[in-house]
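Throughout, read-outs are computed from the coordinates displayed, never taken from laboratory work. As the structure is a computational prediction, the values presented were derived from the model and not from experiment. Counting neighbours? That spans all protein chains shown, and the Cβs are built from the backbone with ideal geometry, glycine included.
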Amino acid sequence: MTDFTTITACGECCTGCPKKLDGRCPGCIEADGRVPEWAESGRCKVHACTRDHGVQFCGLCAEFPCADLSSIIPWNPDIVEQMTALRNEYRRIVKLCGGVSSGKQVILLNGPSSSGKSTLAKELHTLIREQRAEDYKVVSIDDFMKTDPMETIYEDDVFEVSGEMCERALEILRSGSGVIIDHVITSERIFRQLKEMLYAYPLRTVHITCPLEVLIEREQARGNRCAGSAEASAEYLYPRDGYDLTVDTGAGSPRENALSIIDKFFSMNGEDHHDEKLC
């Protein structure tokens, strides 16, 4: 079975590459497409194109196979056939062949520890039920963590259980309910994993933020988090930008922020390539 966390934009894999092993190249995924082979242009054109289209590799793009594919990947004459096979395997693994019929979306609340995500998630759940008569269940990364919250939590700890959290979200979505995800994402691989596993459903991203002094004050007041975790998670939060919406929990109440999320995401027309049947 292919490990899709290692698959690059052009459908290849950097694992075991001599250039990466001896340090000449950091790797396409790790360097976000800025590798020595593309030094003159600054960034791999294939990588940049997939990121512009919000997919990991060409085969997952709604425009695949596009007219430009053979020209931007000239080194592989069989690229369409190989990318098609890779796409089909990917879809089988993440169980997308039945398509998506529920119309539900995933609302990701991503922000540092003690930023108020859990309180906001509960308020959002309540208001969606009251105003929309729809069920959106809350799934929190905290419920899957295997370490004591008073211990230092590392990126590896979160990545280890993030897949389990995504599996739970998929169960809920397949049952017909929407999902609100309460998460602290501190690396590209965690964010990529979430997007890949939930690819069949529209993903709406909300950056949860508040002033650093408020974070520290809340962390101290709750008394059940390792000192400094709020500031550290704010520093390493991923992604830094590109969210659909940003809310400041230091400026607005949970209800006000929840209403802004509802106004933003439930007024969308829903025309999204995620909703099409994939097989």
Considering Cα pairs under 8 angstrom that are at least six residues apart, work out the relative contact order of region 4-93 and quote it in whole percent.
25 percent
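For H53, H125, which order do you get if you count the other beta carbons within 10 Å of each Cβ and list the fewest first? Each step should come with its number before you reach the end.
Details: H53 15, H125 18.
With the sparsest Cβ surroundings first, the list reads H53, H125.
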Largest-first principal axis extents, alpha carbons of region 4-93, Å:
34, 28, 25
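Take the Cβ-Cβ distance between T246 and D22 as r, set R0 to 30 Å, and report the resulting FRET efficiency rounded to the nearest 0.05.
On the way: r = 41 Å, r/R0 = 1.38.
Efficiency for this residue pair is about 0.15.
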By count of other Cβ within 10 Å, fewest leading, how are S118, S113 ordered?
S118, S113
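So how much slack lies between H53 and L212, counting 0.36 nm per residue of separation and subtracting their Cα-Cα distance, in nm?
Details: separation 159, 0.36 × 159 = 57.24 nm, distance 3.33 nm.
Full extension from H53 to L212 adds 53.9 nm.
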Out of every Cα pair in region 106-275, what percent are spaced more than 25 Å from each other?
28 percent
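Hey, what number do you get for the chain at 222 nm if only DSSP H runs of n ≥ 4 count, each worth -39500 (n - 2.57), divided across all residues, to the nearest 500? Write down the numbers at each step before the final one.
Details: 10 runs with 108 residues, N = 279.
Computed ellipticity for the chain at 222 nm equals -11500 deg cm²/dmol.
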Applying 1/(1 + (r/R0)^6) with R0 = 35 Å to the Cβ-Cβ distance of D32 and A133, what FRET efficiency is obtained, to the nearest 0.05?
0.25
Kirkwood Rh, Cα atoms: Rg over Rh of region 15-56:
1.00
Treating cross-link reach as a plain straight distance, find the lysines whose alpha-carbon is under 23 Å from the alpha-carbon of K146, omitting any fewer than eight places away in the same chain.
K117, K122, K137, K195
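Once you keep just the Cα pairs under 8 angstrom separated by 6 or more residues, what percentage relative contact order results for the chain? It would help to have the intermediate numbers written out before the result.
Numbers: 406 pairs, mean separation 60.2, N = 279.
It comes to 22 percent, rounded to a whole number.
With a 10 Å Cβ neighbour count serving as the proxy for reagent exposure, in which order, fewest first, do F191, F57 appear? Provide the component values of the computation, followed by the final result.
Details: F191 18, F57 22.
With the fewest neighbours first, F191, F57 line up as F191, F57.
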For V138, the residues 5 or more places away or on another chain with a placed amide H closer than 5 Å to its own amide H are I180
